[in-house]
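Peer 1: One structure is given below, represented as structure tokens, and several questions about it will come after.
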Amino acid sequence: MRMKRLLKSLAAGLALGVLPVASAYAKAFYDFTDPVTPVAKDTLYIHDLFLAIITIIFIVSLAFLLYSLIAHRRSKNPTPATFTAPKTGFQWFLSALPILIMIFIDYVVLGIPSVHAIMDLANNGNDQMVVVATASQWKWNYAYPKYGLKFNSVLSTPNDEIYGNAPKDKHFLLEVDHPLVVPTNEKVGVVLKSRDVIHGFWVPAFGIKQDVIPGFLRKTWFKIDKPGTYRGQCSELCGVGHSFMPIVVVAKTPAQFKIWLASEQAKESAAQAATGKTWSQADLVADGKKVFDKNCASCHQASGMGIPGVFPPIATGHPFSASKAMLEDLTERGFYKDGKIVEGPLENHIGIVLNGIPGTAMPAFKKQLSATDIASVITFERNAFGNHTGQSVQPAKIQQALSGAAK
Amino acid sequence: MSTIDAHVMVDEHQHPRGITRWLYTTNHKDIGILYIGFGLLMFLVGGLLAMLIRAELLQPGMKVLSPELYNQVISVHGLVMVFAALMPVSAGMANYLIPMMIGAPDMALPRLNNWSFWLLPPAAILLVIPWVLQLFGVGHGTLDTGWTMYAPLSIQAGMGMDFAIFTVLLLFLSSTLASINIIVTVLKLRAPGMTWNKLPIFVWSWLNTALLLIVVFPALAAAAIMLLADRHFGTHFFSASGGGDPVLWVHMFWFFGHPEVYILLLPTAGILVHILSTFARKPVYGYKAQVYSMASITLISVIVWAHHMYTSGLPTAANIYFMFSTMAISIPVGIIFFCWFGTIWKGSITFETPMLFALGYIVLFGIGGLTGLILSDAAADQQYHGAYFVIAHFHYTLFGGPIMGVIAASYYYLPKLCGRMYSERLGKWHFWLTMIGFNLTFFPQFLLGVDGMPRRVADYAVQFQPLNMTSSIGAFILGAAQLIFLYNVIRTLRGAGKPATAQVWEGAEGLEFTLPSPPPYHTFSTPPAVE
């Protein structure tokens, strides 16, 4: 009995003392992803502390249970006791003791570090940089208001790897075409928005997760210790693409970040300049296909056939049935007739892509894509999937529409 | 008692036969059996859906289901297991046992009782009709938003969501009527001498459960109606563009949803004590402590709901309050645990199948409950919320607790119900395979959660594969093990096994064990003497 008690206290000591400290140095199987922010380190410490405590509680309780099952089994203890409550003062003390210990553990041992971490996380001011992360079905959009940058960040894992037999690479489902880039050692505030449903912004290495609520602003922050690429995923069920909208953050040193910023801004001006020039139809179609695959295929499918009853085909001449409201929307705009999708007027096509269709899942892409991208994707759609309008749209025309309307 | 009808005789041959018996019955034993049979059938349906989920998650890549169908499967799995399996079996146990335990001839409102049950099959059918319609080209399947139906995803959702809303409303009616019945029965129909101090713990647990149901289910029903209105009648309760707030749905849902888990837990926590006491051959330890603890759990459970919402952007003070109030529940739960230990301590224990499952309950629910303490931390929840850690936690608490408890109670009362002893050998195989399968399935999910795997994903990154594969294999073992249970039960019902005595188990106490096995159609038409 004494040996058992000794071993129990040794285990307790080890667990309480070693584990939380060890967590700072090594990733145990029960630990979170390696923390790279102060918040992540705090929450990892709390996690390890809680784990150590509940492991001890579990082992001690299990020990009592197993002891009883062995020592008090019928063959060993044929005459059962008859007590139903504590009798002596000492027994009452023994009954009260676990309760008092639990209260102490809950509100002091666990409570104090927890409140500290919560207050830290809530400390949302004094950002050295702000990014705006906007979630939509099913991608993220990152904006740097101060630098006038804005881009979509879309899963770049090929469909073949998801649905087919292509071998999966290391970052399957955790790779994007255009990651969020931030500097290390600066407090980065993230304003969180949603265009449609509740999504969740989660980067395990940063120890942060916040739901994004459509129609409201949420905010969180992180301050990354060391450069690297950190991957997370959407953490709130948001429809069929929920598993396919990862978050990739590349943290660079402040110096490297400045270089990246400069090149991004250069790209942005080049894109702006491109809206001025005149594109050939072939160039527009080629560019448009890339834009389509990244931004439209998730709903309208890579084949352009849509999903019956939900997302209309881009391929004209194909039957489509859906709710009365949706068919009315399409008929009104000239894209639906006699049970089939038909070629509609170019102006209306531009209108749909720019402004979306309110009340449906079709978003207003004027908020997400550049004038060049919009012009090329419309050109592509009108000349692919069996469509032969021969029409093309120049970026300048879209640019005009964009500057005319509020973004 | 001159109001007892002369032809209500204690004679099992007086009851009607055939389909009309089951359709029109107002007999608490019949209705109990209907509830339990329905619940066990739906448990198999929910289990099949779980096998589909784990088959998809066996490997990365979409191999078995489409993402659309996957989202529907996980949603129906959740709704079925909570509302169509566990709650009905629980209610069935209440109907079957409570009158016998308190010495009453039946429930207080027998016709209401019939309605409470018969609302359930239509509710279940409504939930799956959209899948049938889809086969005929109508609509796109059933509910796909998760059982939590968060707006605006649920506003966007197809026709299946409307069916699910009506399912919820029928369930609400059924539960409310049943709860009223149970409360009135326990208040008014106890045999003389059956004072509050002598009320069996299971009856106390259902009294608490019924009160909770009446208080919180209206929140979900109201929210469901608001959702229907947002979907079809132009309201904007849950959309900001009209002045509403999606988080309102989340609050209303969890205001119901958190007490719901105690609604699921309490009845089996109650019956567990009966089983432990029987097989340890010792009276219940800490009766008053357990009664007060159950009442405390009931009260506190109503004020902790936003621990499901730590990442929703509530004010810091709210997060801290909800963390502290959630931790408070660990105290009465701890007390109940210690009373369980006290009940078996220095007893004279044997290990028949009900006892094995009861002990398994203590261990598994213990793990579940302790990880609940971890989840109460609003700061670290940034890592747990919406990830596999939560899934592991609630399966340890819901399967490890109530489902194991329902299985334990099934073995415990099956001989009473049908007059035959089930096969102990098969029961033990069921127990060990369930324990192994269950832990293989869900323990890796704790690790997946801390590794960063989100929940409700149809596909996952390659580093999550080994643990997912282990979990899926465990699930297949767990699923197969339940077939042993099914076989054992059917075989026993058909007459295999030794005849059971009235007391059934050597250490069993309680009015139900003074009745023959199986009990006559009408029992305690004259109230028994309770000393």
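The values are calculated or read from the model by the stated rules, or taken from the named source; none is laboratory data. Since this is a predicted model, take the numbers as computed values, not measurements. We place every Cβ from the backbone using ideal geometry, glycine too, and count neighbours over all the protein chains shown.
The rows are residues; the columns are (1) at the interface with chain B (Cβ under 10 Å from one of its Cβ atoms); (2) within 24 Å of A:N126 (Cβ to Cβ).
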site: A:T157; (1), (2): yes, no
site: A:H178; (1), (2): no, no
site: A:H199; (1), (2): yes, no
site: A:P204; (1), (2): yes, no
site: A:G207; (1), (2): yes, yes
site: A:Q210; (1), (2): yes, yes
site: A:L217; (1), (2): yes, yes
site: A:T220; (1), (2): yes, yes
site: A:Y230; (1), (2): no, yes
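Peer 1: Are any residues in region A:353-372 buried (at least 19 other Cβ atoms within 10 Å of the Cβ), of a type outside the set (G, A, S) and in a helix (DSSP H, G or I), and if so, which ones?
Peer 2: A:V353, A:L354, A:F365, A:K366, A:T372
Peer 1: Still on this structure, please answer the following. Taking the criterion of being of a type in the set (S, T, Y), assigned to a helix (DSSP H, G or I) and in contact (Cβ under 8 Å) with a residue 12 or more places away in the chain, would at least one residue in region A:275-291 satisfy it?
Peer 2: yes
Peer 1: Would you call B:V273 of a type in the set (A, V, I, L, M) and within 14 Å of another protein chain (Cβ to nearest Cβ)?
Peer 2: For B:V273, the condition - of a type in the set (A, V, I, L, M) and within 14 Å of another protein chain (Cβ to nearest Cβ) - is met.
Peer 1: Could I ask something else about it? Could you check B:T298 against (1) outside any loop (DSSP other than H, G, I, E, B); (2) within 14 Å of chain A (Cβ to nearest Cβ); (3) surrounded by 18 or more Cβ atoms within 10 Å (Cβ to Cβ) and say which number it fails?
Peer 2: So the condition that B:T298 fails would be (2).
Peer 1: Also, I was wondering about something else. For region A:219-267, enumerate the residues that are small (G, A, S) and either under 20 Å from A:K41 (Cα atoms) or outside any helix (DSSP H, G or I) (or both).
Peer 2: Once the filter is applied, which keeps residues that are small (G, A, S) and either under 20 Å from A:K41 (Cα atoms) or outside any helix (DSSP H, G or I) (or both), region A:219-267 yields A:G228, A:G232, A:S235, A:G239, A:G241, A:A251.
Peer 1: Then there is this: Evaluate the following for B:Y35: is it touching a Pro at 6+ places or on another chain (Cβ under 7 Å) and modelled with pLDDT of 95 or more?
Peer 2: Against the criterion (touching a Pro at 6+ places or on another chain (Cβ under 7 Å) and modelled with pLDDT of 95 or more), B:Y35 qualifies.
Peer 1: Okay, next question. Within region A:339-352, how many residues are in a loop (DSSP other than H, G, I, E, B) and touching a strand residue (DSSP E or B) at 6+ places or on another chain (Cβ under 9 Å)?
Peer 2: Looking only at that region, the number is 3.
Peer 1: Looking at region B:452-470, I want the residues that are more than 10 Å from chain A (Cβ to nearest Cβ) and have a partner that is of a type in the set (V, I, T) and in a helix (DSSP H, G or I) with Cβ atoms under 7 Å, at least 6 apart or on another chain. Which pairs are those?
Peer 2: Close Cβ pairs (under 7 Å, with a partner that is of a type in the set (V, I, T) and in a helix (DSSP H, G or I)) do not exist here.
Peer 1: Same structure, new question: Given B:P200, B:P192, B:P218, which one is surrounded by fewer than 16 Cβ atoms within 10 Å (Cβ to Cβ) and under 22 Å from the mean Cα position of the chain (by Cα)?
Peer 2: Being surrounded by fewer than 16 Cβ atoms within 10 Å (Cβ to Cβ) and under 22 Å from the mean Cα position of the chain (by Cα) holds for just one of B:P200, B:P192, B:P218, which is B:P218.
Peer 1: Out of all the residues in region A:320-337, is one or more in contact with a Lys or Arg (Cβ under 8 Å, 6 or more places away or on another chain) and not in a helix (DSSP H, G or I)?
Peer 2: yes
Peer 1: Go through the residues of region B:383-394 one by one and say whether even a single one is at the interface with another protein chain (Cβ under 8 Å from one of its Cβ atoms), without any contact (Cβ under 8 Å) to a residue 40 or more places away in the chain and buried (at least 24 other Cβ atoms within 10 Å of the Cβ).
Peer 2: The answer is no, given that none of the residues of region B:383-394 is at the interface with another protein chain (Cβ under 8 Å from one of its Cβ atoms), without any contact (Cβ under 8 Å) to a residue 40 or more places away in the chain and buried (at least 24 other Cβ atoms within 10 Å of the Cβ).
Peer 1: Touching a residue at least 12 places away in the same chain (Cβ under 8 Å), under 24 Å from B:A378 (Cβ atoms) and not in a strand (DSSP E or B) - does that describe any residue in region A:176-195?
Peer 2: Yes, region A:176-195 contains a residue that is touching a residue at least 12 places away in the same chain (Cβ under 8 Å), under 24 Å from B:A378 (Cβ atoms) and not in a strand (DSSP E or B).
Peer 1: With respect to B:E506, determine if the residue is under 30 Å from B:G419 (Cβ atoms) and within 14 Å of chain A (Cβ to nearest Cβ).
Peer 2: In short, yes.
Peer 1: Within the group B:G158, B:G141, B:G137, which residue is in contact with a His (Cβ under 6 Å, 6 or more places away or on another chain) and either of a type in the set (K, R) or more than 18 Å from B:V82 (Cβ to Cβ) (or both)?
Peer 2: Going through B:G158, B:G141, B:G137 in turn, just one is in contact with a His (Cβ under 6 Å, 6 or more places away or on another chain) and either of a type in the set (K, R) or more than 18 Å from B:V82 (Cβ to Cβ) (or both): B:G158.
Matching residues to (1) in contact with a helix residue (DSSP H, G or I) (Cβ under 7 Å, 6 or more places away or on another chain); (2) among the small types (G, A, S); (3) outside the structural domain of A:K41 (by TED's automatic domain parsing):
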site: A:S114; (1), (2), (3): yes, yes, no
site: A:A117; (1), (2), (3): yes, yes, no
site: A:A135; (1), (2), (3): no, yes, yes
site: A:W140; (1), (2), (3): no, no, yes
site: A:Y144; (1), (2), (3): no, no, yes
site: A:Y147; (1), (2), (3): yes, no, yes
site: A:F151; (1), (2), (3): no, no, yes
site: A:L155; (1), (2), (3): yes, no, yes
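Peer 1: Next question. Considering only residues that are free of Cβ contacts under 8 Å to residues at least 12 places away in the same chain, away from chain B (no Cβ under 14 Å) and not aliphatic (A, V, I, L, M), look in region A:321-332 and name the one that is surrounded by the most Cβ atoms within 10 Å (Cβ to Cβ).
Peer 2: By that ranking, first place goes to A:T331.
Peer 1: In region B:441-470, how many residues are in a helix (DSSP H, G or I), among the β-branched types (V, I, T) and closer than 16 Å to A:I162 by Cβ?
Peer 2: The qualifying residues number 1.
Peer 1: Still on this structure, I have one more. Check off (1) crowded, with 18+ Cβ neighbours inside 10 Å; (2) away from every other protein chain (no Cβ under 14 Å); (3) more than 27 Å from B:G400 (Cα to Cα) for B:W249 and give me the number that stays unchecked.
Peer 2: (2)
Peer 1: If you scan region A:232-251, which residues turn out to be under 14 Å from the mean Cα position of the chain (by Cα) and more than 9 Å from every other protein chain (Cβ to nearest Cβ)?
Peer 2: A:M245, A:I247, A:V248, A:V249
Peer 1: Examine region A:302-320 for a residue that is in contact (Cβ under 8 Å) with a residue 40 or more places away in the chain, within 14 Å of another protein chain (Cβ to nearest Cβ) and not β-branched (V, I, T), and state whether such a residue exists.
Peer 2: Yes, region A:302-320 has at least one match.
Peer 1: Can I ask one more? Could you list, in sequence order, the residues of region B:281-291 that are within 9 Å of chain A (Cβ to nearest Cβ), in a helix (DSSP H, G or I) and either buried (at least 18 other Cβ atoms within 10 Å of the Cβ) or touching a strand residue (DSSP E or B) at 6+ places or on another chain (Cβ under 8 Å) (or both)?
Peer 2: B:Y287, B:A289
Peer 1: A follow-up question, please. Report, by residue number, each residue of region B:349-381 that is under 30 Å from A:D120 (Cβ atoms) and either outside any helix (DSSP H, G or I) or in contact with a Gly (Cβ under 6 Å, 6 or more places away or on another chain) (or both).
Peer 2: B:G368, B:S376, B:D377, B:A378, B:A379, B:A380
Peer 1: So, one more: Do we find that B:K288 is among the charged types (D, E, K, R) and touching a Gly at 6+ places or on another chain (Cβ under 7 Å) in this structure?
Peer 2: No; evaluated as a whole, the condition is false for this residue.
Results for (1) under 30 Å from B:E506 (Cβ atoms); (2) surrounded by fewer than 20 Cβ atoms within 10 Å (Cβ to Cβ); (3) at the interface with chain A (Cβ under 7 Å from one of its Cβ atoms), shown as yes or no for each residue.
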residue: B:F279; (1), (2), (3): yes, no, no
residue: B:S293; (1), (2), (3): yes, no, no
residue: B:V304; (1), (2), (3): no, no, no
residue: B:S312; (1), (2), (3): no, no, yes
residue: B:I320; (1), (2), (3): no, yes, yes
residue: B:G342; (1), (2), (3): yes, no, no
residue: B:T350; (1), (2), (3): yes, yes, yes
residue: B:F357; (1), (2), (3): yes, no, no
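Peer 1: Looking only at region B:399-447, count every residue that is aliphatic (A, V, I, L, M) and buried (at least 24 other Cβ atoms within 10 Å of the Cβ) and tell me the total.
Peer 2: Summing the residues that are aliphatic (A, V, I, L, M) and buried (at least 24 other Cβ atoms within 10 Å of the Cβ) in region B:399-447 gives 7.
Peer 1: Moving on. Find the residue count for region B:221-276, including only residues that are of a type in the set (V, I, T) and within 26 Å of B:S174 (Cα to Cα).
Peer 2: Matching residues across region B:221-276 total 6.
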